[in-house]
Amino acid sequence: MAHGLAHIHDRCVVVADIATKNLLLSADLSIRFCDFSESSILPLNTDMERVDERGYSIYTDMGQLGAVMYEVVTGYHCEFDLFRDQPSGPACAAWPRRDILPSTQDVWLGSIIERCWVKNAFQNARSLLAALELVTLDCPLEHEKKIYEHLGPHANVLADFEISLLPDRTLDKYLSQTKLNRTRQLNCMREAAAAVSYAHSKRVLIGGFTARNFLIADGQRLKLCYLGNSRVVPEHLDIGEVNEDSLSFKHDIACFGSLIYNVVTGEKFEARICQPSNPATWYHAAISENENYAIPDRMAEARRIHFPNWPWDRELPNTEGIFLGNIIQDCWALPGYMRMEDVCSALSELSKQDRSMLTGKSGFRVLRLPFVPVLAVAAGSLVFIAFRRATRLSLLSLVPRSFRYFLGLCLSNTAGSLVSTYFPLYS
């Protein structure tokens, strides 16, 4: 049904009357739409997401389809009545109040049906189709096995036959027993990023992960595991546009930011950014207490466009002054990083250029060091040159040996302090 509705909307048609009586079941058990007597044909290239044809729109079509889905799943009749409580005389279609529709609690596909009944919860019929495509009917173990088979071999992804080999070597347990230096932390994050990026390249959305989803294999190599919440995105869907519950590029990237934060600080933080199981919770939070309409400013704040539950900056831990803090912040931020390839590039850049670029103590490159340390380095260089010239002119003998020793010790300590401060990755 969602496939058919998406095709109809692509042809710039608003159906306006979707009900079980207007759907036919063919011999091969596929669904066929029929009876377009109430439908509106709009000019090609019409922006269907903005259409309001006497109250009818693609959103009323999806609301009616939600009622059909409810009837198919539960066996109980459900009507998405667009003219209930209308005054006498000519009237336009109006979105029905939520309280006249049945509860979707404990109903299979209930969260999807609920979103059909919340205007704009699905951007269009293809968003609804994406949500339905990501529903799995397999048992958890069988589903996870299929994910491993789809991913195939990769250095940082656990093979399905290895699943029971290392049950007690998860990264979270390893971190509780071992303190990693910054070089090891960076290597771990590169390997984890490579695993997540590879999964995305194979059209797999992980659906949320923590340090528990990585095993320490032989040779201290990280391997992604426990993929029960993952989904393979069908080819006909744009994986970059998928945003269903905890399944999206950005949700995986935010989880990766939390993973870095855990590895670097030893503290756990879960960015709860997925859509709520019942989107009516944030919708009704934006409803005026006195009027039955959504207040625009509050609605915009509640939904945050595509990520309605994304945390505000004030809700995130402070990453200033910690190793890889800039990368963590960009993983959490909107828009920030939107592809794992960008995260991989940022981590790889640390080994190709100055690795202190994104450390907590200094956000400066070598050529942008603070003014005072530059003067200290310059002064040390001048003293060194003076010593060399004094040696050539045989004037060094005029300087007391104890003073020469003291001056050399001071220069050595100054250089060591500068290196440890501005190049902590190597200290």
Spot the failing condition for ASP245; the list is (1) at pLDDT below 90; (2) of a type outside the set (S, T, N, Q); (3) more than 23 Å from TRP108 (Cβ to Cβ); (4) in contact with a Cys (Cβ under 7 Å, 6 or more places away or on another chain), and only one is missed.
(3)
Out of the residues in region 183-214 that are out of contact with any strand residue (DSSP E or B) (no Cβ under 6 Å at 6 or more places or on another chain), hydroxyl-bearing (Ser, Thr, Tyr) and within 28 Å of ASP238 (Cβ to Cβ), which is modelled with the lowest pLDDT?
THR210
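State yes or no: is ARG54 farther than 25 Å from LEU132 by Cα and in contact with a Pro (Cβ under 7 Å, 6 or more places away or on another chain)? Walk me through how you get there before you give the answer.
Details: farther than 25 Å from LEU132 by Cα: yes; in contact with a Pro (Cβ under 7 Å, 6 or more places away or on another chain): no.
No; evaluated as a whole, the condition is false for this residue.
Does region 29-64 hold any residues that are acidic (Asp, Glu) and either closer than 19 Å to GLN123 by Cα or at pLDDT 95 or above (or both), and which are they? Full working, then the answer.
First, the residues of region 29-64 that are acidic (Asp, Glu): 35, 38, 47, 49, 52-53, 61.
Within region 29-64, ASP47, GLU49, ASP52, GLU53, ASP61 qualify.
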Do the conditions hold for LEU247, that is, is it surrounded by 20 or more Cβ atoms within 10 Å (Cβ to Cβ) and either touching a strand residue (DSSP E or B) at 6+ places or on another chain (Cβ under 6 Å) or under 22 Å from LEU324 (Cα atoms) (or both)?
yes
Residues of region 1-13 satisfying the condition of being within 33 Å of the chain's Cα centre (by Cα) and not in a helix (DSSP H, G or I)
MET1, ARG11, CYS12
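Please state which one of LEU227, LEU259 is more than 14 Å from ALA131 (Cα to Cα), touching an Asp or Glu at 6+ places or on another chain (Cβ under 6 Å) and outside any strand (DSSP E or B).
Working: LEU259 fails: touching an Asp or Glu at 6+ places or on another chain (Cβ under 6 Å).
Every option except LEU227 fails the conditions.
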How many residues does region 211-244 contain that are more than 24 Å from CYS116 (Cα to Cα), surrounded by fewer than 17 Cβ atoms within 10 Å (Cβ to Cβ) and in contact with a Lys or Arg (Cβ under 9 Å, 6 or more places away or on another chain)?
2
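So which of GLU191, GLU149 is acidic (Asp, Glu) and under 20 Å from the mean Cα position of the chain (by Cα)? Show your work before the answer.
Details: GLU149 fails: under 20 Å from the mean Cα position of the chain (by Cα).
Exactly one residue qualifies, and that residue is GLU191.
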When region 190-221 is checked residue by residue, the ones that are in contact (Cβ under 8 Å) with a residue 60 or more places away in the chain, assigned to a helix (DSSP H, G or I) and not hydrophobic (A, V, I, L, M, F, W, C) are ARG190, SER197, HIS200
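The values are calculated or read from the model by the stated rules, or taken from the named source; none is laboratory data. A quick note: this is a predicted structure, and the numbers were derived from the prediction, not measured. Glycine also receives a Cβ, built like all others from the backbone with ideal geometry; neighbour counts cover every protein chain displayed.
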